[in-house]
Amino acid sequence: MTVKLGVPPEGDTIRTLVEERLSQAIADNGAKVTLEWRGEQKHLHVISMPVDMLYYNPDTHRVRAQRTLDPERDSVLQEEPWSEPAQDYLCHLLSRRPSNPDQTDPDYNALMDELDDFGQKEPGIITPEGILVDGNTRCAALRELGIKDIRVGVLPLDTSQRDISNVELALQLRRDKRREYSYVNRLIAIDEELSGGRREEDVARDFNIKITTLRRDRWVFGLIQEAIRRSTTDDGSALRLVDFEDHQEKLRELHRDFTTAAKSDPDAAEQLKETRLSMVVLNFPKTSVRLAEADFHTRYLASRLPPGLLPATEAASDVCIPGLPGIKVTDGSPAVKSSRTLTDTLLKARADAQSGKGAKRESNNLLDSARKTFDTAAKLAGQNAQLKKYQAAASERVTDAADYINQCASEFAEARAKRALDEDAFDDALIILKNSLAKLARQAGRSINSPGAGVAWLLEATRER
């Protein structure tokens, strides 16, 4: 989706003005801004430029996902990035909420309030031809406030499109008060850096994350792209990148649990992935999505699915591995296929419901029916999880107590060796322990009809003599 920038139509005029103001700034030894430039720290002189003369960066990562929501305007942005319609589209998106561009972003309103109250604190960055590399949102806010000028540092004359991207990312990833990229736009930026041939280690360092985090985010981005492909309907409707903006934590947890399950049971991992993706599509909260383990579909969901969501029974089949003639593997168990088919149905229904065309009412009814079914299944899974928690709680408490007593034995020996043992306090503590064990024994004696060796010992140890 990268736009080939070139030179704006007023680029030569802007460059002349920039050069004049740079000359004066150098003569006055004026303010500078420091940034990373081709592996080194570079100090750029800061000048003041008219906000209406500058161009928004058509290739900015800040609105990369949101651009695609209006294919017609995005096409204009691709083909004529410096035209007034394209620049107006960018200006509009810069002020919108990433997950819902129909709404104004509260962070944008906060930025406007700050600029109105305190003025511009940090300078932006432009190319000599007036393209905003950093400060696109600030420029939009200043224009809306009616403020005529913006302070900017100016990049060198030989600035390339790659330099623009590198500077934008480097400034965005600083730990300062800049308005952060949205989740999906950050994933896009990481993917573009890696697709450009950069090493994982270098990209992870630039984004201030671990390589494991980088790989997780790449996996999540791949899952999102796959979900969008699978959601495509016969009339061309499909989900959009922005539809996944609010699901960051759910998708990260999905990666963690999928990776763990895949080590021992790939089919179970696939079932878990498909079920949780369905719940993301249905917009379940994170606490409910967590309840969907590998057996969620077969144990709680399959028997409750209404007719419109029942997948056709399909036996597992073998597929050949490219490059390895004669070797075949199963393309998924029936349970995996069933959960995958259900997810595909929900992905397409969500895409159709959002598109405003096709069988929108039928799709909404299908999604409502699915949500009710998943909600019932999630409640049952939650009750079972709570029951397991109760079942394990008592034994875990006893195990913890045993660990404390083992630690106590070591500390008792050390205190005795140093002649530091408070025997009276120790004796009082043992009386408390005895009373606690007696309470536990009474509960165990009432509840367990055939005591094992451990319970028998507890009953005997606490029996009054």
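Only one of these conditions is not met by Ala170: (1) of a type in the set (A, V, I, L, M, F, W, C); (2) crowded, with 18+ Cβ neighbours inside 10 Å; (3) assigned to a helix (DSSP H, G or I). Which number is it?
In the conditions (1) of a type in the set (A, V, I, L, M, F, W, C); (2) crowded, with 18+ Cβ neighbours inside 10 Å; (3) assigned to a helix (DSSP H, G or I), Ala170 misses (2) alone.
Looking at Val242, Val220, Val184, Val167 in this structure, which one is among the hydrophobic types (A, V, I, L, M, F, W, C) and either more than 20 Å from the chain's Cα centre (by Cα) or modelled with pLDDT under 90 (or both)?
Exactly one residue qualifies, and that residue is Val167.
Spot the failing condition for Leu132; the list is (1) part of a strand (DSSP E or B); (2) over 18 Å from Glu10 (Cα atoms); (3) in contact with a helix residue (DSSP H, G or I) (Cβ under 7 Å, 6 or more places away or on another chain), and only one is missed.
Of everything listed in (1) part of a strand (DSSP E or B); (2) over 18 Å from Glu10 (Cα atoms); (3) in contact with a helix residue (DSSP H, G or I) (Cβ under 7 Å, 6 or more places away or on another chain), Leu132 misses just condition (2).
Pick out the one residue from Leu309, Leu305, Leu301, Leu324 that is aliphatic (A, V, I, L, M), at pLDDT below 95, out of contact with any Gly (no Cβ under 9 Å at 6 or more places or on another chain) and outside the structural domain of Phe244 (by TED's automatic domain parsing).
Testing whether each residue is aliphatic (A, V, I, L, M), at pLDDT below 95, out of contact with any Gly (no Cβ under 9 Å at 6 or more places or on another chain) and outside the structural domain of Phe244 (by TED's automatic domain parsing) leaves just Leu324.
Which one of the conditions (1) in contact with a strand residue (DSSP E or B) (Cβ under 8 Å, 6 or more places away or on another chain); (2) more than 30 Å from Glu245 (Cβ to Cβ) does Leu35 fail to meet, given that it meets all the rest?
(2)
Checking the structure you have, find out if any residue of the stretch 436-450 is in the same structural domain as Asp295 (by TED's automatic domain parsing), surrounded by 13 or more Cβ atoms within 10 Å (Cβ to Cβ) and modelled with pLDDT of 90 or more.
no
Checking Asp235 against (1) closer than 16 Å to Arg64 by Cβ; (2) of a type in the set (D, E, K, R); (3) assigned to a loop (DSSP other than H, G, I, E, B), only one condition comes out false. Which one?
(1)
Just the residues that are of a type in the set (A, V, I, L, M, F, W, C), buried (at least 18 other Cβ atoms within 10 Å of the Cβ) and either touching a strand residue (DSSP E or B) at 6+ places or on another chain (Cβ under 8 Å) or in a helix (DSSP H, G or I) (or both), please, taken from the stretch 47-68.
Ile47, Met49, Val51, Leu54, Val63, listed by residue number.
Identify the residue in the stretch 15-41 that is within 35 Å of the chain's Cα centre (by Cα) and free of Cβ contacts under 8 Å to residues at least 60 places away in the same chain and, among all such residues, is farthest from Glu122 (Cα to Cα).
Applying the filter and picking the extreme gives Gly39.
Criterion first (under 26 Å from Pro334 (Cα atoms), modelled with pLDDT under 95 and either among the polar types (S, T, N, Q) or not assigned by TED's automatic domain parsing to the domain that holds Leu367 (or both)) does Thr275 satisfy it?
Criteria not met by Thr275.
The values are calculated or read from the model by the stated rules, or taken from the named source; none is laboratory data. These figures come from a predicted structure and were not determined experimentally. Ideal geometry is used to build each Cβ from the backbone, glycine not excepted, and the neighbour counts take in all protein chains shown.
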